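Q: One structure, as structure tokens, below. Some questions next.
The values are calculated or read from the model by the stated rules, or taken from the named source; none is laboratory data. For clarity, every value in this text was computed on a predicted model and none was experimentally measured. Here the Cβ positions follow ideal geometry from the backbone for every residue, glycine too, while neighbour counts run over all protein chains shown.
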Amino acid sequence: MSDLSERGERRIEWARDHMPVLASIREEVRRSKALKGLRIGIALHTEAKTAVLALALRDAGATVRLASCNPLTTDDSVAAALAEVHGLEVYARKWQSTEEYYDNLHKVLDLKPDLVIDDGADLAFLLHTKRRDLLERVRGGNEETTTGVMRLRAMEREGKLRFPMIDVNDAKMKHLFDNRYGTGQSVFDGIMTATNLLVAGKVFVVAGYGWCGRGIATRARGMGARVIVTEVDPVKALEASMDGFEVLPMARAARIADFIVSATGVKDVVTTKHLASLKDGVVLANAGHFDNEIARAEIERHAKGKRRVREFVDEYTLPGGKRAHLLAEGRLVNLAAGQGHPVEIMDLSFALQAASIAHLATHAGRLKPRVHPVPQAIDDKIAKLKLRALGLRIDRLSKAQRTYAASWSEGT
């Protein structure tokens with residue numbers, strides 16, 4: 001075992017020891033034999049928690065291939081451990097080029113998967129474009145992220161989606177915890193690793209007030225920042241205001257920001273139209289899936305100079321002499337510069353993934369080619385398993401209470 005793979009194996013073991021919910025689902029799926037003999041292609045951030053999921057699915061009887069869903073979010077030690085220690089087929093490395101990234105996705109699809117687990121919908125995209133020869137074999141898949149679900153719903157609206165996809169992202173046990181608490185904590189892990197700068201007393205702008213944005217804004221406030229939210233959705237903007245955050249358009253917020261973090265799922269949140277008004281030394285970071293929320297290519301065309309000042313920090317000298325610092329090349333800061341979401345959070349998300357892919361394996365023939373929610377029974381099961389793991393007990397409705405709740409005539 002190399003030093004690199006040994007380090008990765010320790011990280012995998014640490015993650016596994018803190019993922020009891022996924023362990024319960026793994027045993028349930030193994031006993032049911034729902035995945036026995038099936039091929040699963042996975043595109044997820046290749047790090048320790050993902051390794052535990054991939055190995056759990058293999059333990060349950062599936063053949064698994066794994067690639068990263070982002071060029072900068074592989075933990076090379078974990079990838080080495082998966083290959084050298086566990087013999088898993090993994091195609092990922094940190095700092096891979098865009099060409100290498102897509103080559104690795106194609107290698108996953110060369111498995112001719114029955115099922116896919118996607119993050120950002122790139123596997124689904126390739127299957128519906130360059131790898132259409134594999135479509136007939138695919139029973140369905142899961143999607144992990146807001147961005148991926150947006151792409152899949154667009155495919156569904158256009159009548160292009162050819163197999164059922166389960167929207168894991170919008171399950172309660174995913175977005176209420178992973179998006180809010182996971183992103184909220186891990187974004188600061190990435191920012192601190194990249195910059196080692198103080199947040200307290202700074203103006204911290206969060207673009208987007210979905211569940212990810214809420215988590216980031218809440219933790220920025222808890223760290224002592226003055227937090228400003230930018231939004232395009234009037235309801236979310238009003239929620240941000242009533243949660244106590246200042247709400248401004250980006251054009252105004254950018255003038256006073258010390259940090260700007262985007263979490264929107266759409267492109268061009270920060271563009272060249274904001275450059276002239278940015279403060280000298282502003283830190284720009286992205287917590288959305290793709291690297292186009294902060295328009296890096298535009299900024300590079302207009303910048304007078306660029307240099308790497310820290311491992312994950314590129315400094316752009318803007319017209320007029322101001323400097324802007326872009327973290328992790330505009331990619332996911334929490335995974336490119338940090339270690340991703342806390343283990344206990346991903347225990348919930350990946351337990352949902354495992355249970356949902358097993359559900360697809362047995363029910364795909366009855367599901368139409370569209371985006372489906374995670375069955376409520378699976379969502380509830382994950383919540384109950386987590387409560388059990390925490391040693392928590394809750395009340396149950398009595399028969400009389402259930403009757404009352406189901407009645408329309410007992411209002412008094």
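Q: Can you pull out every residue in the stretch 156-206 that is part of a helix (DSSP H, G or I) and in contact with a Phe, Trp or Tyr (Cβ under 6 Å, 6 or more places away or on another chain)?
A: In the first step, residues of the stretch 156-206 are kept if they are part of a helix (DSSP H, G or I); the result is 156-157, 168-170, 172-195.
Scanning the stretch 156-206 gives His175, Asn179, Arg180, Ala194.
Q: Examine the stretch 47-56 for a residue that is buried (at least 17 other Cβ atoms within 10 Å of the Cβ), among the acidic types (Asp, Glu) and either within 19 Å of the chain's Cα centre (by Cα) or modelled with pLDDT of 95 or more (or both), and state whether such a residue exists.
A: Yes: one or more hits.
Q: Suppose we filter Ala254, Ala237 for residues that are buried (at least 20 other Cβ atoms within 10 Å of the Cβ), of a type in the set (A, V, I, L, M), out of contact with any Gly (no Cβ under 8 Å at 6 or more places or on another chain) and not in a strand (DSSP E or B); which single one remains?
A: After applying the criteria, what remains is Ala254.
Q: Further question on the same structure: Working only within the stretch 79-96, note down all residues that are at negative phi, part of a loop (DSSP other than H, G, I, E, B) and out of contact with any Pro (no Cβ under 7 Å at 6 or more places or on another chain).
A: Quick first cut of the stretch 79-96, residues at negative phi only: 79-86, 88-94, 96.
Then drop every residue that is not part of a loop (DSSP other than H, G, I, E, B), which leaves 85-86, 88, 92-94, 96.
If the condition is that a residue be at negative phi, part of a loop (DSSP other than H, G, I, E, B) and out of contact with any Pro (no Cβ under 7 Å at 6 or more places or on another chain), then Val85, His86, Leu88, Ala92, Arg93, Lys94 are the ones that fit.
Results for (1) touching a residue at least 40 places away in the same chain (Cβ under 8 Å); (2) within 23 Å of Asp76 (Cβ to Cβ), shown as yes or no for each residue.
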| position | (1), (2) |
| --- | --- |
| Glu311 | yes, yes |
| Tyr316 | no, no |
| His325 | yes, no |
| Leu332 | yes, yes |
| His341 | yes, yes |
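Q: Quick check, is Glu298 surrounded by fewer than 18 Cβ atoms within 10 Å (Cβ to Cβ) and at pLDDT below 95?
A: Yes; evaluated as a whole, the condition is true for this residue.
Q: When the residues of the stretch 261-312 are filtered to those that are of a type in the set (Ser, Thr, Tyr) and not in a helix (DSSP H, G or I), which remaining residue is nearest to Val232 (Cα to Cα)?
A: Residue satisfying both the conditions and the ranking: Thr264.
Q: Here's something else I'd like to know. Got a number for residues in the stretch 1-42 being closer than 15 Å to Leu55 by Cα, over 22 Å from the mean Cα position of the chain (by Cα) and in a loop (DSSP other than H, G, I, E, B)?
A: 4
Q: Still on this structure, I have one more. Kindly list the number of the only condition in (1) surrounded by 17 or more Cβ atoms within 10 Å (Cβ to Cβ); (2) touching a helix residue (DSSP H, G or I) at 6+ places or on another chain (Cβ under 8 Å) that fails for Arg370.
A: Every listed condition holds for Arg370 apart from (1).
Q: Say we look at the stretch 133-142 and pick out the residues that are under 20 Å from Gly365 (Cβ atoms) and not in a loop (DSSP other than H, G, I, E, B); which of these is nearest to the chain's Cα centre (by Cα)?
A: Top of the filtered list is Asn142.
Q: Conditions first: (1) at pLDDT 95 or above; (2) part of a loop (DSSP other than H, G, I, E, B); (3) not charged (D, E, K, R). Phe125 passes all but one, so which condition is the exception?
A: Phe125 satisfies every listed condition except (2).
Q: May I pose another question? All but one of (1) within 14 Å of Gly184 (Cβ to Cβ); (2) among the aromatic types (Phe, Trp, Tyr); (3) touching a strand residue (DSSP E or B) at 6+ places or on another chain (Cβ under 9 Å) hold for Trp211; which doesn't?
A: (3)
Q: Here's a follow-up. Select the helices (runs of 4 or more DSSP H) contained entirely in the stretch 319-412, then report the ones holding at least 1 residues which are of a type in the set (Asp, Glu), outside the structural domain of Glu293 (by TED's automatic domain parsing) and under 14 Å from Val21 (Cα atoms). Quick ask: steps written out before the conclusion?
A: Numbers: elements: 333-336, 343-363, 376-390, 399-406.
Qualifying helices (runs of 4 or more DSSP H): 343-363, 376-390.
Q: Being assigned to a helix (DSSP H, G or I), surrounded by fewer than 24 Cβ atoms within 10 Å (Cβ to Cβ) and either of a type outside the set (Ser, Thr, Tyr) or out of contact with any Asp or Glu (no Cβ under 6 Å at 6 or more places or on another chain) (or both) narrows it down to one of Lys130, Lys112, Lys107, so name that one. Spell out how you get there, then give the answer.
A: Details: Lys130 fails: assigned to a helix (DSSP H, G or I); Lys112 fails: assigned to a helix (DSSP H, G or I).
One residue alone meets the criteria, Lys107.
Q: I've got another one for you. How many of the residues making up the stretch 273-293 are within 24 Å of Ala336 (Cα to Cα) and polar (S, T, N, Q)?
A: So the answer is 2.
Q: For the stretch 53-76, state whether one or more residues are closer than 18 Å to Leu352 by Cβ, among the charged types (D, E, K, R) and either touching a Pro at 6+ places or on another chain (Cβ under 9 Å) or not in a helix (DSSP H, G or I) (or both).
A: Within the stretch 53-76, none of the residues are closer than 18 Å to Leu352 by Cβ, among the charged types (D, E, K, R) and either touching a Pro at 6+ places or on another chain (Cβ under 9 Å) or not in a helix (DSSP H, G or I) (or both).
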